Every structure is written in C-alpha cells, then in structure tokens.
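To keep things clear, I will list the structure first and then write my remarks on it.
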Ligand code: SF4
C-alpha cells in the first residue's frame, strides 16, 4: 500500500499543467486507497466540492496559542470565518446534530472538528465526539483541523479514532516571521512568547506532519497569506511541507476587517489582492496540489462549501427533528450524485475535445454564479459568491471564488453593492449567470465584463469552454481585441446573511 507521504501529494502533468486531483475529474494516478479517501471529500477534491457537503461541530472552545488574525466569537450568526460559532456543543449534542444533518443533507459526507479553539487543546471532547460519530454514522469521513502544537502527543489516538484527514495550519517555518504572527503559545504548562514560542510551534507542526505521513493519514496544510509578513516566505513553507508528505497545500487570504477585532484587523494589516493570492498559489503549484476552493468556514458550518445552512440546525431545532439516519437512503442519493457528476465530466471533456488542435496563448478568467452541482444556476442578483475559472486551450480550471454581498434586495438592486461586486470580479472577462437584470447587465458591459446568460442551467466547464472557443474565434476574425484585465479585490467583510 502506498502511503500518503510516499505519494507526495498530487502531481502536475508536464503537458497540460493540469494536476491529477482537484479540479480534474477522475482517479488519475492516485492510488485507489487515496482516491477512496478524497473522491467525495469536498475539501480534498475541488471537483467534489460542487456536489458534496461538509459540516463542523463546535465542541472545542479552548485554544493553546494566540494568532494575530484570530478572534473567537460565540453566539455570532452573521459572520463567516474560522473561529466563529453560534453555539458550543457537547459531544452528545454534536452527534445528534450530525445525524440530523446526515438525514436532511444525504450528500453531507464529511464531519470536521475545527474549533472554535483548537481541537487538540480539547482532546477529551474532541475524541469523544469522533468516537460517538464513528459508531452512529460509519459512512461519514472524520476530519480534524489543528494548529499542530499538540499534534505529536495525539497521533496514535488520531489513528485509532479512524480520523483519516488532518489539517495543520502552518504559516511559517522561520521563528522570526512566526513572532510577528503569534504573540504567545501555551505549551507544557508554560506560556512562551516571541521567537521561543514560534520555534516550538514550527518544530511541533513539522514533526506532527511527518508522523501523520508515517501512519498514512492524509494531511492538508493551511497557510494564511499575510502581505509583507509571510507572503514570500510561504514558497519556503510549501517546499518544507511538500518534502514532509503534505497531500494538499491551501494558501488562504488573510481576513482582517477592523470589526472582527483581531490584532491585524485593528492595526490595519491588509489582506492580499486576488492577483497576489493567485500568483503565490501558481508559484507553489508544482508537485503539490494547491487547494483553491477553501471558503474559510465557520467552526459550525453546514452544507456545500459556499453555502451555509448552520442556522437550520441549531440545538433547539435539532431536538425537534425526526432524525432517521438511513445508510441505504444516503447511499442511493449519493449514487444519483455520482451519475450527475459523471454526466458533467463527460460533457466538459466532449467540449474540450472539440478544441483539440486549437493553439492560442490567451488565458483569461471568468466568474460563475452557481448554487452547486456544477451548474450555472444562480441569478446574478442572488449570488453570495462567484466561482472563478481560468480558461485556456487546456480547458477550464477552477482558480478561486469571490464572496460578495447579495445585490438584489427584494425587487431593487443596491448601487454600492454592485460596485463592490464588480470590484471583486474586475479581473474577469465574463460573468456566467442563469439570469441578470437590465441595470447590472449594462453596467457590467460598460466595465468590460460580458454578462453571459445563454448557458443558464447548463454545466459550468462545458459552457465556459464553449464560450472561450467563440471568444477565440472572434479574436481571430478581428471582431474583438483581447486585452488583459486589472486586479480584483478580495472582500474583507464576511457576513453570511443577505442583509
Ligand atoms: S475551511 Fe476550507 S478546508 Fe475547512 S471545511 Fe471549509 S472549505 Fe474545507
């Protein structure tokens, strides 16, 4: 059996630059035992994230380190970022919630514990929860997300608990940089600060990563990109985690709005722009697959990535629900999802085959409004985010998303919001929607972004490739001139409600 560490993550094809997991459709060169772990995991497979949901249960309130980008909040229903939850749960409440969600959302395949503190700073609650869920809902994959400080102490328990996906947040391997990110850590009953704290943290993180690889546990590394602090350094971090067997590297933008009350938010530390983030992800994408579809979820998120249904599953509501965990029903539903998925992949490949032999150096971005299933099925005015694809003669590659405030406010559109939405997709040549009103349509055209509604309710990749072919034809005929577009803003506010 090939372990995750031996596999060294996903490899890129020299010919196309496309990687062998993530947005690509099939098993590729992945060993079967790894493919089984990732094929319906929405975080480990970009392609799966259009179809499968995840949930987090907030059973781990305490934390053993302080990060300058983190401010844990409880009873908070309207922000979407790590560390925020509406309510804390006991392990027993968490299991009831998991079963309720598994009944209502049969395509929920993954349960993660990601806080709001650090799961391994709350080991009793964390492992009790996993134990109860493994017994009650054996088809659900178990995930753990940690800062890594306590990871080496719990590796054997993790392996015994059937947790086969672990995420470690590693923002640096240089203590000097670490001292700018972490004011303190609490380790072996003692508080450490400055370089001492960062040195212990990085040693423990890298040791934990190696130990996971030795046990064949898939590991994703999250890194927060903080301009002028660790942005260039993350290339070194990428090399370090790759050489220690990380399966996936997820470089995420810093979220640092002042209203979040974090140190970075209050001292004006900016996050990266869309171009800065993509350039770093591109620079790191070699032998390790980059995750680009992370939504930086709440610690109690429920649903597809990009939607949040946590408000439907409060403890009060869950207690009133008729919970009937039915494995056969879940399997039957997921078989239907697999058929839809196969149809989508086949349609994209067929469209791409028609591009065979097409030569062009043009590469551009398009934005897509979608509610899931890999379809263009969202109205421009209702979109809470746009997915971004890079189009070239190699195909359509998912490269990110842009979260926005919903434009349509019950019959009228908000002008300020339209400007912010256009700023968020400013680097895109077109926006694919199921429908769009006259006013935003004309403003988008004026801004050089083509609104495309002719592919409503069709598959994203297939439609994007078809549109790209016609775009290239127009350029060839001299009807349009291809121009590069400018950078785009990554939204720092993080409300999840439409209001
Ligand atoms: S924070 Fe990122 S990795 Fe974690 S569940 Fe959300 S999308 Fe997946």
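A few comments on the model shown:
- Selection from the range 147-166 of residues that are within 16 Å of the ligand (Cβ to nearest atom) and either in contact (Cβ under 8 Å) with a residue 60 or more places away in the chain or part of a loop (DSSP other than H, G, I, E, B) (or both): 147, 148, 163, 164, 165
- Being more than 22 Å from the chain's Cα centre (by Cα) and in a helix (DSSP H, G or I) holds for only one residue in 381, 486, and it is 381.
- Residue 362 meets the conditions (1) outside the structural domain of residue 425 (by TED's automatic domain parsing); (2) outside any helix (DSSP H, G or I); (3) over 30 Å from residue 30 (Cα atoms) in every case but one. The failed one is (1).
- Leading residue by the ranking (nearest to the ligand (Cβ to nearest atom)) among those in the range 108-139 that are part of a strand (DSSP E or B) and farther than 19 Å from residue 155 by Cα: 110
- Counting only residues that are in contact with a strand residue (DSSP E or B) (Cβ under 8 Å, 6 or more places away or on another chain) and either more than 19 Å from residue 244 (Cα to Cα) or not assigned by TED's automatic domain parsing to the domain that holds residue 214 (or both), the range 138-162 holds 7 of them.
- Set 121, 102, 114: member being over 15 Å from residue 61 (Cα atoms), in contact with a strand residue (DSSP E or B) (Cβ under 8 Å, 6 or more places away or on another chain) and modelled with pLDDT of 80 or more: 102
- Within the range 274-313, the set of residues being more than 16 Å from the ligand (Cβ to nearest atom) and either surrounded by fewer than 18 Cβ atoms within 10 Å (Cβ to Cβ) or in a strand (DSSP E or B) (or both) comprises 275, 276, 279, 282, 283, 286, 287, 311, 312.
- Considering each residue of the range 41-53 in turn, none proves to be more than 16 Å from the ligand (Cβ to nearest atom) and either at negative phi or modelled with pLDDT of 90 or more (or both).
The values are calculated or read from the model by the stated rules, or taken from the named source; none is laboratory data. Please read these numbers as outputs of a predicted model, since none were measured by experiment. In this analysis, Cβ positions are derived from the backbone assuming ideal geometry, glycine residues included, and neighbour counts consider all displayed protein chains.
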